[in-house]
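Asker: First, the structure itself, so that you have it in front of you.
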Amino acid sequence: MRSLVDQSLVEAGRLMRRWPREQEVLTSTLILPVLLLLMYQLVLSKVLTMSSGTEAIYGFVPMIAVTGAMYGAMGTGLSLHAEVESGLLRRFWVLPVHRGAGLIGRLVAECGRTLVATVIVVALGVALGLRFHAGWWGALGLLVVPVILIPGFATMVITVGVGKAGAKVVQLFAAVTLLGMFFNSGFVPLQNYPGWLQPIVRAQPMSCAIEAMRNFTLGGPTALSLPYILNKITPALENAAK
């Protein structure tokens, strides 16, 4: 078990050092989210604020943070496909390395990449007017939600990334994510969508994450429950560690 943890951390470190030098990862993780947030805030903020009655920045920041995390995962999926095509992964498989270390290390690296990207988006959001009405607990929750969301999505991207048609399927994921960017509760409030479309928008995963993040900033029920949850799970984690 100890060797699996150590090898997973080594793999995560390798990826975190490599990704800043890869254009597709850097663009999808940092540059694209920053440009999208600036564009939405400068072009659409006044119109959407007037129509919804709530500052649009409180929907834009969660939406861009979640979208940036997903696009970043697709960038790393393309990077993984390149490693498969170059034969690098085959060379790893003949080494005395636990087979699970590659997957676990990549997911850990994805969480680290997502956290860094979310911090940058939130910092820009604060500069544009975002405020944390729920205090530090809300700020913590806002940063954690994309990190919790991304392992599930990244697992799908990794699964298709190792296949022969990996690059094409990852690009299909990008198209679906782009569509989801315009049909979620962060772009416009849920009640502004047509009645038949509202259940779809409400149930799509991006909307669930965005609403949780919005509540963390505005002080909704999600933010109020975070200290209670942490107080309950901390003793359990301490007992498990013993």
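The values are calculated or read from the model by the stated rules, or taken from the named source; none is laboratory data. Given the structure is predicted, the values throughout are model-derived calculations rather than measurements. Quick reminder, even Gly has a Cβ in these numbers, built from the backbone with ideal geometry, and neighbours come from all protein chains shown.
Asker: Between a first residue in region 52-67 that is in contact (Cβ under 8 Å) with a residue 60 or more places away in the chain and a second residue that is surrounded by 24 or more Cβ atoms within 10 Å (Cβ to Cβ) and part of a loop (DSSP other than H, G, I, E, B), which pairs have beta carbons less than 6 Å apart while being 6 or more apart in sequence or on different chains?
Answerer: Gly59/Gly186; Pro62/Gly186; Met63/Gly186
Asker: Sticking with this one: Of the residues that sit in region 185-242 and are hydroxyl-bearing (Ser, Thr, Tyr) and either within 18 Å of Val66 (Cα to Cα) or crowded, with 16+ Cβ neighbours inside 10 Å (or both), which one is modelled with the lowest pLDDT? Give the derivation first.
Answerer: Narrowing region 185-242 to residues hydroxyl-bearing (Ser, Thr, Tyr): 185, 193, 207, 217, 222, 225, 228, 234.
Now narrow it down to the ones that are either within 18 Å of Val66 (Cα to Cα) or crowded, with 16+ Cβ neighbours inside 10 Å (or both): 185, 193, 207, 217, 222.
Working: Ser185: 84, Tyr193: 86, Ser207: 88, Thr217: 88, Thr222: 60.
The residue in question is Thr222.
Asker: Separate question: Output the number of residues of region 149-179 satisfying the condition of being without any contact (Cβ under 8 Å) to a residue 60 or more places away in the chain and closer than 23 Å to Gly125 by Cβ.
Answerer: The number of residues fulfilling the criteria is 1.
Asker: Please go through (1) buried (at least 16 other Cβ atoms within 10 Å of the Cβ); (2) under 26 Å from Gln191 (Cα atoms) for Val47 and return the number of the only condition it doesn't satisfy.
Answerer: (1)
Asker: Can you name the condition, by its number, that Phe182 falls short on among (1) surrounded by fewer than 19 Cβ atoms within 10 Å (Cβ to Cβ); (2) assigned to a helix (DSSP H, G or I)?
Answerer: It is condition (2) that Phe182 fails.
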